1. Would you pull out the residues with amide H under 5 Å of Val25's amide H, same chain only if 5 or more places away, H placed 1.01 Å from N?
2. When every alpha-carbon pair in the stretch 164-211 is counted, what percent end up more than 17 Å apart?
3. I'd like the FRET efficiency for Lys129 and Ser188, computed as 1/(1 + (r/R0)^6) with the beta carbon distance as r and R0 of 22 Å, rounded to 0.05.
4. Need one number: convex hull volume per residue for the stretch 279-348, Cα atoms only, in Å³.
5. Here are some pairs, Lys95/Lys164; Lys279/Lys308; Lys164/Lys203; Lys166/Lys203; which of them have Cα atoms lying more than 21 Å apart in this structure?
6. Could you check the spin-label model distance between Ser234 and Arg205? Points 7 Å from the Cα along Cα→Cβ, value in nm.
7. Report the Cα-based extents of the stretch 1-55 along its three principal axes, largest first, to the nearest Å.
8. Say R0 is 41 Å: what FRET efficiency, to the nearest 0.05, do Asp47 and Arg162 get from their beta-carbon distance?
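Derivation of every value follows stated rules applied to the coordinates shown; laboratory data play no part. Everything numeric here is computed off the predicted structure, so don't read it as measured data. Reconstructed Cβ throughout: ideal geometry from the backbone, glycine too, with neighbour counts over all protein chains shown.
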Amino acid sequence: MRPEIIQGEVREVLKTLDDESVQCVVTSPPYWGLRDYGNQPLLWGGDPECNHEFGEEFLGDTRDNNIGKKRWNHTFGQEEISPHIDVSQGRYCKKCGAWKGNLGLEPSPEQFTKNIVEIFREVKRVLRKDGTVWLNLGDSYAGTGYKGENTDPKHKDTNTKRLKNKDLVGVPWRAAFALQSDGWYLRSDIIWQKPNPMPESVKDRPTKSHEHIFLLTKSNKYFYDNDAIREPVSEASLKRAEHSWDCDRPSTKNAAMGGKGIHTEKMGKRFVDPKGRNKRDVWSINVQPYKEAHFATFPEELPETCIKAGTKKGDVVLDIFAGSGTTLRVASKLGRKGIGIEINKEYLEIARKRCKLENESLASYL
């Protein structure tokens, strides 16, 4: 199936999709405090009828990182280079509290999680009752420039003010718990372990080599194809299943081994299923850079696993932050209908090229 990519702001595009029209969502929002993607600032929360009066713009503190005289975002403490000297953290309306800025560049993790919840309320509307969401998020550290008091006084948050220099912010779990409080079922925390992580120069903590993938559902019963993602069973486990357990206690040996324990035929699949073992919640998958993208891209194995578990052939898979189009490309390969939403024109063209859609008309909701 050929995927569809829609250009526009995620909340506005989601409004154009029908209720319960999507079986599975696999996506990775901009991580908090990582990068300025250069998009136009958007309005979040507050009163849509308010005649907004915005306060002063907050700018991320910066300094040299001594690598090619480039700059990094000191406020968020990230070691990845920001393409801009001054990073806007948006501004608040003095009347209704609406925030104007770009997702991922909020002045606090609390504001980021509020924005994520706002987006996913619309995701819940378009998701089928038996659908699943696979949400990938990475974490970040608070830097020395992070004071936690750069919002209008009535919007200060005591949790934010407690962040200290070098604190792990815990953004993925903050977002997961916020979504859980908003009605989502939080079914699993999957660890994406990266055997080839980005090197770090830190000397007082381990190098980061994992990210989180949260499995979320809108119902307590949902479609999940356990057999489609089974892991291989080791030869040793298969041998144990064939000959029963072999240990020194007679009570656990089967009759063929001179004991009075459980017979192999009675064990059945209780211990070992020859088709494979259940998929575990630590996925070891190498990072796979894409030469035309200067930002992080999914390795194809990651969305492939999610899509196989959460869909059947012909189902609709949605990526609300399509980026370079990896999820859509994989969905198409697996015989699913992929729909992607992307606001950034540069990334959108990369996705269209990867999905071989360069010559097709483009829906736009800007």
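1. Those lying under 5 Å, H to H, from Val25 are Thr132, Val133, Trp134, Leu318.
2. Details: 596 of 1128 pairs.
Distances greater than 17 Å cover 53 percent of the Cα pairs.
3. Numbers: r = 19 Å, r/R0 = 0.85.
It comes to 0.70.
4. On the way: hull volume 6.3 nm³, N = 70.
Each residue corresponds to 90 Å³ of Cα convex hull volume.
5. Numbers: Lys95/Lys164 30 Å; Lys279/Lys308 12 Å; Lys164/Lys203 18 Å; Lys166/Lys203 12 Å.
Violating the 21 Å limit, Cα to Cα: Lys95/Lys164.
6. Roughly 3.3 nm, to one decimal.
7. Over the stretch 1-55, Cα extents along the principal axes are 47, 30, 17 Å.
8. Values: r = 29 Å, r/R0 = 0.71.
My answer for the efficiency is 0.90.
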